[in-house]
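Contents: one structure, followed by commentary.
The values are calculated or read from the model by the stated rules, or taken from the named source; none is laboratory data. Computed from a prediction, not measured in an experiment: that's the story for all the values here. Counting neighbours? That spans all protein chains shown, and the Cβs are built from the backbone with ideal geometry, glycine included. What goes into the accessible areas is simple: the full protein's heavy atoms, side chains included, and nothing from ligands, DNA or RNA. Shrake-Rupley method; radii C 1.70, N 1.55, O 1.52, S 1.80 Å.
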Amino acid sequence: MKKINLIGSTGSIGIQTLDVVRSHPDKFSILGLSFGVNIKVGMAQIEEFQPEIISVGSLEVCEKVKQQITYPARILYGDHGLIEVATYGESEVLVNAVMGRIGLEPTLKAIEAGKDIAIANKETLVTAGHIVTAMIEKHGVQLIPIDSEHSALYQCLHGNIDKEVSKLILTASGGSFRNLTRSELEGVTVNDALKHPNWQMGAKITIDSATMMNKGLEVIEAKWLFNMSYDKIDVILHKESIIHSMVEYIDGSVLAHLGTPDMRVPIQFALSLPERLDLKGGERLNLWEVGALHFEKMDKERFRCLEIAYQAGKQGGSAPTVLNAANEIAVSLFLQGKISFLDIEYFVEKALDGHTPSNDPSLEEIISLDDEIRNKVLSYIS
């Protein structure tokens, strides 16, 4: 029985993680669980899985949970609570399914506590990849990707020698506006942006998919996960989301990972390693039903955020922290209807242009810079 601490339980990845646990009660159990403010979904999860420790986003939600819970459990809130859940007890793995930079500190503390990390939180590696990977090596734990693209790369690289890798190839669906020109992006609405053609995801990641920032963050994440230089990481447009990623080797061979667009597959793979388990209720891939797969070269002028992310990644140091913080605030402003869709990339680029990167920022510097950039981007609309 593998014991799991899960942070971000009411988001898309968290819900699907619990679906995997529910499907294999003889293999997995939830020891610690955290969510933000969605008390209706969170309380249903608490009662079903009965974790020993729970953390929520605020004191108000904490008091409501204490009033409604029907069994004894330790209930906390805020950043401290999140870290307590991440590091709790005899759990073997932390599933980091929160959105944003908030996932960084719980991850680092969990590594120190000897937990393996199953990570769906791109921002942790984007903002502090050099710190996370150094700590993973120091403490001898595993860093296992949950993103479908990185899970695909992980599997295609398995058993092969790093020096024989020619290229990592991430596939991108293109998001909600993949068929629109840049001029047609003027005036698109939040509702339009949230209609992803292939995946059911949370609001923030769906917007990131539409801008292609999501793929830019994945490029930076891949650099840290697989110790690969940026000139060996490519992105191609693949609208069907059947091939999740590919690895090209120096002899010209290309290994591809194929499957239906179902996030439970990479989640379950990350949790069940070194085994593979039956995916209960999952659709099988029948290529004769798909009929054809389509690929296009990525247009970085059309998808400007992807090029901005590559530039920030290559600059390194503190630049990816600025990229991520500016993007998080810009996406939030767009979702609130305060800026336009194309303003997202403009605000991110403006924040980066005004920043001089430091080469090897400490955790304290990253946290301070993150707050500084968020406030700076907010000032753009004041």
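In terms of Cα to Cα distance under 16 Å, which lysines are near enough to Lys2, apart from those fewer than 8 places away along the same chain?
Within the straight-line limit of under 16 Å, Lys2 reaches these lysines: Lys27, Lys115.
Within 10 Å of each candidate Cβ there may be at most 15 other Cβ atoms; applying that plus a DSSP loop requirement, which GluC sites (Glu not before Pro) in segment 283-375 survive? Please report the intermediate quantities before stating the final value.
Working: sites: Glu283, Glu289, Glu296, Glu301, Glu307, Glu328, Glu345, Glu349, Glu364, Glu365, Glu372; in loops: Glu283, Glu301.
Within segment 283-375, the qualifying GluC sites (Glu not before Pro) (loop, at most 15 other Cβ atoms within 10 Å) are Glu283, Glu301.
Starting from the exponent 0.38 and prefactor 2.2 Å, build the expected Rg for the chain from its residue count and divide its actual Cα Rg by it.
Working: Rg = 20.1 Å, N = 382, 2.2 N^0.38 = 21.1 Å.
Ratio of Rg to 2.2 N^0.38 Å for the chain: 0.96.
Please check: in the Gaussian network model of the chain (C-alpha springs, under 10 Å), which one of Phe341, Phe35, Phe295 has the largest mean-square fluctuation.
Checking each option, the largest mean-square fluctuation is seen for Phe295.
Rounded if a/c is under 1.5, else prolate if a/b is larger than b/c, else oblate: which is segment 1-148, with a ≥ b ≥ c the root eigenvalues of its Cα gyration tensor? Walk me through the intermediate numbers first.
Details: a/c = 1.74, a/b = 1.44, b/c = 1.20.
Prolate, because a/c is 1.5 or more and a/b exceeds b/c.
Mind jotting down the distance between the C-alpha centroids of segment 163-192 and segment 17-78, whole Å?
35
Taking segment 276-382, how many lysine pairs are there with alpha carbons less than 29 Å apart, if each pair must be eight or more places apart or span two chains?
11
Assuming 0.36 nm per residue, please report the length gained on full extension of the stretch Ala134 to Ser229 beyond their Cα-Cα distance.
Details: separation 95, 0.36 × 95 = 34.20 nm, distance 1.69 nm.
Length gained, Ala134 through Ser229: 32.5 nm.
I want to make sure I understand the PRE zone here: with the label point 7 angstrom from the Cα of Thr189 toward its beta carbon, which residues in segment 325-346 have backbone N atoms less than 18 Å away?
Correct set: 334-342.
What is the sum of charges, Lys and Arg at +1 and Asp and Glu at -1, for the other residues whose Cβ falls under 15 Å from the Cβ of Gln16? Present the calculation step by step, with values, prior to reporting the outcome.
Numbers: positive: Arg22, Arg264, Lys280; negative: Asp19, Glu48, Asp147, Asp262, Glu283.
Overall, the nearby charge balance is -2.
Mind giving me the nanometre distance, one decimal, between the label points for Asp360 and Glu283, set 7 Å out from Cα along Cα→Cβ?
That separation, rounded to one decimal, is 4.9 nm.
Find the lysine pairs in segment 124-221 meeting two conditions, Cα atoms under 26 Å apart and a separation of 8 or more places or different chains, and report how many there are.
6
If you roll a 1.4 Å probe over the chain with all protein chains in place, what percent of the accessible area is carbon or sulfur? Show your work: numbers first, answer last.
Numbers: 8110 of 16450 Å².
Carbon with sulfur: 49 percent of the solvent-accessible area.
About the Cα centre of the chain, how large is the charge dipole given +1 on each Lys and Arg Cβ and -1 on each Asp and Glu Cβ? Please answer in debye to the nearest 20. Walk me through the numbers on the way to the answer.
Working: 36 positive and 51 negative charges, 94 e Å.
Here the size comes out at about 460 debye.
Could you work out the relative contact order of segment 2-110, using alpha carbon pairs under 8 angstrom and six or more residues apart, expressed as a whole percent? Numbers along the way, then the final one.
On the way: 201 pairs, mean separation 36.9, N = 109.
Here the relative contact order equals 34 percent.
Using the Cα gyration tensor of segment 333-382, with a ≥ b ≥ c the square roots of its eigenvalues, what is the shape: rounded (a/c below 1.5), prolate (a/b larger than b/c) or oblate (neither)?
Numbers: a/c = 2.76, a/b = 1.98, b/c = 1.40.
Prolate, since a/c reaches 1.5 and a/b exceeds b/c.
Can you give me the C-alpha center-to-center distance between segment 305-326 and segment 94-148, rounded to a whole angstrom?
With segment 305-326 and segment 94-148 each reduced to a Cα centre, they are spaced 19 Å.
Give me the net charge for the shell around Ile136: Cβ to Cβ below 14 angstrom, other residues only, Lys and Arg +1, Asp and Glu -1. Walk me through the numbers before you get to the answer.
Details: positive: Lys109, Lys115, Lys138; negative: Glu112, Asp116, Glu137, Glu221.
Summing Lys/Arg as +1 and Asp/Glu as -1 gives -1.
DSSP loop GluC sites (Glu not before Pro) in segment 148-232 with at most 16 other Cβ atoms within 10 Å of their Cβ, which ones?
On the way: sites: Glu149, Glu164, Glu184, Glu186, Glu218, Glu221; in loops: Glu186.
Answer in residue order: Glu186.
Do you know the relative contact order of the chain, to the nearest whole percent, from alpha carbon pairs under 8 angstrom that are 6+ apart?
Working: 687 pairs, mean separation 55.2, N = 382.
14 percent.
How many Å² of accessible area per residue for the chain, probe 1.4 Å? It would help to have the intermediate numbers written out before the result.
Working: 16450 Å² over 382 residues.
Ligands and nucleic acids excluded, the result is 43 Å² per residue.
Does segment 233-382 classify as rounded, prolate or oblate by the C-alpha gyration tensor (a ≥ b ≥ c root eigenvalues; a/c under 1.5 gives rounded; else a/b over b/c gives prolate, otherwise oblate)? Working shown, then result.
Details: a/c = 1.95, a/b = 1.85, b/c = 1.05.
The shape class here is prolate.
So, counting K/R as plus one and D/E as minus one, what does the shell of residues with Cβ under 12 Å around Tyr154 add up to? Don't jump to the answer; show the numbers that get you there.
On the way: positive: none; negative: Asp147, Glu149, Glu221.
Residues close to Tyr154 contribute a combined charge of -3.
At a threshold of 8 angstrom on Cα-Cα distance, excluding pairs fewer than six apart, so keeping six or more, what relative contact order does segment 263-382 reach in percent? Before the final figure, lay out each step's value.
Details: 86 pairs, mean separation 29.0, N = 120.
Once divided by the residue count of segment 263-382, the mean separation gives 24 percent.
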